[in-house]
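S.K.: After the structure tokens below, expect a handful of questions from me.
The values are calculated or read from the model by the stated rules, or taken from the named source; none is laboratory data. Everything numeric in this text was worked out from a predicted model, so none of it was measured. FYI the Cβ positions are ideal-geometry reconstructions off the backbone, even for glycines, and counts take in every protein chain you see. The protein model used for the area step is the full one, side chains on, heavy atoms only, and it has no ligands, DNA or RNA in it. Shrake-Rupley method; radii C 1.70, N 1.55, O 1.52, S 1.80 Å.
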Amino acid sequence: MKKLLLVIGVVVVFMSEISYGEELVQKSLSANFDALTDISSRYARKQILDGKTTNATNKKDEVFLEFSFDSSPYMVFASFIQNSPKHIYSEFIETIYYRDNIKIKDMYYENKPVQTEKIGVYSTDLCFISVEGVTYHYINVPYLVTSDKPTVFFSEINFDEENQRITGEIKMPLSQNTYQIELFYTDNEEYHYQEAVANENGKFSFDLARQGQAGKMYLRASDGLGNYANAKDILTAGKTSFQVAPEALETIKASYQENTYYDPIFGWLKLVTVRALIALITLLFLLRMRVLVKRRIRRRKRFR
């Protein structure tokens, strides 16, 4: 009886893995596109790639070069507009020529062709042949997909002239990077620059390092991954509000809903926990039934 109860408990606990395993795997695979190809979540700053940031291996007449993003910063090799053609190599060719001084005769995507459906920084694998006939394999080559129109919008700017402070708010879609707010202004005919980070609600603030004057300042916003706002001039002191188109607000709202992160491991643990509770209740019930059955058997034996 004890063995039977143990078997039932094990089956109930791991029934979730048997029943939902395929579904969890499918969800995990469908959610892994960004995790595998979008490298922007790990790197906010971009620096020039040089020989110290790559690992090159020579095999016969072929050169294999891999960009080690886990330990080095990077810059994008090419920039694409969202939903643009995927077969354009011109910027890759130009960047490789100026970076490595290689003249390219032919090029193709060896793996992970360029995807332009989503804004962000992604990677691809390139294979090309130089005019000298040497074959090169460039692995994990980063590229940027940006929008051809603003996706971020200033909704409020407040210039406190007395305290030399600027606060404001932006409406922004979900991003894997932080939104940088850039302030450009002049003081005594000299240009100055400051930078702030918008919080999760889009709020930002500056304490001016130099004397700021209305009409001589403007703000920009971007996440460095393709989302950006048109520049806004600060023309007057005090609070200025800006209208954001309803369709833009709907798109921003949808970006948070569509990109809700699903963790398959958490889902599996949740299912196992529920099944374990069911198994525990079932075991307690069976044990109770076992006690009741034994009592009934004893009573029958006693009255015989």
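S.K.: Rounded to the nearest 0.05, what FRET efficiency do residue 158 and residue 191 have when you use their Cβ-Cβ distance and R0 = 30 Å?
M.R.: Values: r = 23 Å, r/R0 = 0.76.
It comes out at approximately 0.85.
S.K.: Whole angstrom only: what separates the Cα centroid of the range 194-241 from the Cα centroid of the range 82-143?
M.R.: Each part's Cα centre sits 36 Å from the other's.
S.K.: If each residue of separation counts as 0.36 nm, what is the full-extension length gain between residue 106 and residue 203 once their alpha-carbon separation is subtracted?
M.R.: Contour length minus Cα-Cα distance gives 30.1 nm.
S.K.: Under 5 Å between amide H atoms, partner at least 5 residues away or on a different chain: which partners does residue 161 have, H built in plane at 1.01 Å?
M.R.: When sequence neighbours closer than 5 places are left aside, the close amide H contacts are 238.
S.K.: If each of residue 131 and residue 243 carries a label point 7 Å out from its Cα toward its Cβ, how far apart are those two points in nm?
M.R.: The two pseudo-label positions are separated by 5.7 nm.
S.K.: Amide H neighbours of residue 206 under 5 Å, at least 5 residues apart or on other chains, H built in the peptide plane: list them.
M.R.: Residues meeting the criterion, in which the H sits 1.01 Å from N, are 166, 167.
S.K.: Quick check on my link table: of 59/105; 118/203; 59/118; 171/216, which ones sit more than 31 Å apart, alpha carbon to alpha carbon?
M.R.: Numbers: 59/105 20 Å; 118/203 25 Å; 59/118 36 Å; 171/216 24 Å.
Listed pairs above 31 Å: 59/118.
S.K.: Still on this structure, please answer the following. Order the peptides 245-254, 178-187 from the highest to the lowest mean number of other Cβ atoms within 10 Å of their residues. All intermediate terms of the calculation are to be shown ahead of the outcome.
M.R.: Working: 245-254: 12.0, 178-187: 18.0.
The most tightly packed comes first, giving 178-187, 245-254.
S.K.: In whole Hz and in residue order, list the ³J(HN,Hα) couplings for the range 233-241 that follow from phi through the Karplus curve 6.51 cos²θ - 1.76 cosθ + 1.60, θ = phi - 60°; x for Gly and Pro.
M.R.: Result, rounded to whole Hz: 6, 9, 8, 9, 6, x, 8, 10, 10.
S.K.: Provide the per residue accessible area, probe 1.4 Å, for the range 135-216, rounded to a whole number of square angstrom.
M.R.: Working: 4000 Å² over 82 residues.
Ligands and nucleic acids excluded, the figure is 49 Å² per residue.
S.K.: How long is the gain from residue 118 to residue 278 if the chain were fully straight, where each residue apart is worth 0.36 nm and the alpha carbon distance is subtracted?
M.R.: Working: separation 160, 0.36 × 160 = 57.60 nm, distance 4.23 nm.
Full extension from residue 118 to residue 278 adds 53.4 nm.
S.K.: Using 1/(1 + (r/R0)^6) with R0 = 25 angstrom and r between the beta carbons of residue 184 and residue 83, what's the FRET efficiency to the nearest 0.05? Don't jump to the answer; show the numbers that get you there.
M.R.: Values: r = 31 Å, r/R0 = 1.23.
Approximately 0.20, to the nearest 0.05.
S.K.: Additional query: Highest first, please rank the peptides 112-118, 280-286 by the mean number of other Cβ atoms sitting within 10 Å of their residues.
M.R.: Per-residue mean Cβ counts within 10 Å order the peptides as 112-118, 280-286.
S.K.: Here's a follow-up. Which Cα, out of 170, 218, 186, lies furthest along the positive dipole direction of the range 103-256 (beta carbon charges, K/R +1, D/E -1)?
M.R.: Farthest along the dipole direction, towards plus: 170.
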